[in-house]
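Computed from the coordinates by the stated procedures, all read-outs in this text should not be read as laboratory data. Bear in mind that the values here come from a model prediction, so they are computed numbers and not experimental data. Positions of Cβ are backbone-derived with ideal geometry, glycine not excepted, and every protein chain shown enters the neighbour counts.
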Amino acid sequence: MINNNLKKVTIIDYHLGNLFSVKQACDTVGINAIISSKAEDIDNADALILPGVGAFIEAMDNLADLNLIETIKKAAAEKKPIFGICLGLQLLFTKSEEFGTGEGLNLVPGTIRKFPADLDGRKVKVPQIAWNSIYEFEKKWSDTPLMDVVNNEFMYFVHSYYVDPSNDMDILTKTNYDGIEYCSAISKDNIFATQFHPEKSTLKGLSIYKNWATLNNLI
Amino acid sequence: MDIKGPNLVKGIHMEGLRVLGKPADFAKYYYENGADELMFMDVVASLYERNSLHDIISETAKSIFIPITVGGGLRSISDIKEVLRAGADKVCLNTAVINNPELIREASRMFGSSTIVVAIEAIKESNGQYLAYTDNGREHTGVDVFEWAQKVNDLGAGELVITSVDREGTGEGFDLDLVSRISALVTIPVIAHGGAGNKNHVSEVITKAGADAVAISSLLHYHFIKENSSSVHSNEGNSEFLKQKRSYHTFQDCKIAEVKQCLIDNGIECRI
């Protein structure tokens, strides 16, 4: 049965990463989501999910080839809720240090940096492919999609680069990887984004999808 | 989880496969009991040059919200694409990349490094040298394990699974020398596999050998069988082992939660 009042969410497909699991998470919590690469599906959506695993520059190139950069920026300007995941979080930022410097969507001020190969003479394994804990920084998690997550909860991470926001007030969680403390989730106006994969972090992760949708009146 | 046809199986030194039950039952149980990731390996796929796990993956991925890695018989970019489309998060490659190392570079570029896991099956020769094998320890390649590990690292793999075929399925403990040398050599995360017979072995391979993660099968499977009456496809494979309801004396089988508590007691951070 189709409920015409159900809000539409578009999972943006720019050909990088496992979108199946993002869609599966949406289905499970009752979000009406489609996977699409088309500008019209972004224009017509009530909210957007920007997922992805892989390389920043390739991702921006793909978005450019699909003519989606301006479409996403327009949706952001219209204050549509945007949920970024992993590489999708990084793309929201100003620029990346990956292979020189690449320009991002510039919706959140800040830079993408690579984990150092060593720290104080000790080797750091990169990428981080691990469960790691997220903890509160200055902003409280109540009234955010993390409202049901306890401080220091473990989430699943897969990444070699991390975001370094220019404004501390955009930081929602921090994580410590082998001595390197970094920002692992942000929220800024209509934008919410995580470095970790909530769709791969058990039911605790799925609560983030559910609460994001609920807070934005999508379900 | 080693899969042969419709069954979850387990061998010793990767040979003499025994049928243990339905993969979906084990997957659900491990997910609900704190597994951090599931690895499905089609153990006969290389023989037939095909991976037959698509149905199991797509079924599992609908209800299991932890990372899923799939391996066995994946030969090409299109094979990888197919299992990722079925719902796998990562693929595990061995035979294909030892024959064609450039596939690591190509696949990492296309799917992201973190999607590409390379498995190395190591056997210690009588002269002490470790050589890489393929097809579940059956095929000799003559390739030195440490040289190969360095190459896997440099070609852009995201993770490396090091299996000691000598210890695999025995419960005698990990080959700490092998794991620590690999871990010291490479800059990517190393998953130790082969030999866990009790929870202390798991803790030891992390604290003493520097493993970044640990893959366990028998230790947990035997406990699952004790606790659950799994339905077995008795028409395929050797299910005599299961009917006898015995586990090997070398195994002190336990739950994932007991393994994790042991890790925490030893100062290793992990999710419980």
Quotient of C-alpha Rg and 2.2 N^0.38 Å, computed over the protein assembly as shown = 0.96
Rounded to the nearest 5, the percent of DSSP beta bridges in region A:9-215 running antiparallel is 65 percent
In nm, the gap between the two label points placed 7 Å beyond Cα toward Cβ at residue A:114 and residue B:265 is 4.2 nm
For region B:62-171, what value does the Rg/Rh ratio take when both radii are computed over Cα atoms and Rh is the Kirkwood radius, given to two decimals?
-> 0.99
Find, among the chymotrypsin sites (Phe, Trp or Tyr not before Pro) in region A:1-103, those assigned to loop by DSSP (not H, G, I, E, B) with at most 14 other beta-carbon atoms within 10 angstrom.
-> A:99
Using θ = phi - 60° and Karplus 6.51 cos²θ - 1.76 cosθ + 1.60, couplings along region A:25-38 (whole Hz; Gly, Pro as x) | 5, 4, 4, 5, 9, x, 7, 7, 10, 10, 9, 8, 10, 8
Helix A:56-65: inclination vs chain A longest Cα principal axis, degrees, rounded to 10, gives 30 degrees
Simple spin-label estimate for residue A:136/residue B:126, 7 Å along Cα→Cβ, in nm, reads 6.6 nm
Rounded to 5, the percent of DSSP beta bridges in region B:2-265 classed as antiparallel | 35 percent
How many nm separate the modelled label positions at residue B:77 and residue A:28, each set 7 Å beyond the Cα in the direction of the Cβ?
-> 3.2 nm
Listed residue (A:105, A:50, A:157) projecting farthest to the positive dipole end of region A:23-165, Cβ model = A:157
Chain A: translational diffusion in µm²/s, Stokes-Einstein, Kirkwood Rh over Cα pairs, 25 °C, 0.890 mPa s | 142 µm²/s
Degrees between helix A:202-215 axis and first principal axis of chain A (Cα, 0 to 90, nearest 10) | 50 degrees
Förster-model FRET efficiency, 41 Å R0, residue B:58 and residue A:124, C-beta, rounded to 0.05 = 0.70
Electrostatic dipole magnitude of chain B [Cβ: Lys, Arg +1; Asp, Glu -1; Cα centre; debye, to 20] = 540 debye
Calculate the radius of gyration of the Cα atoms of region B:2-265 to one decimal place, then report Dmax, the largest Cα-Cα distance, as a whole number, both in Å.
-> 17.1, 48
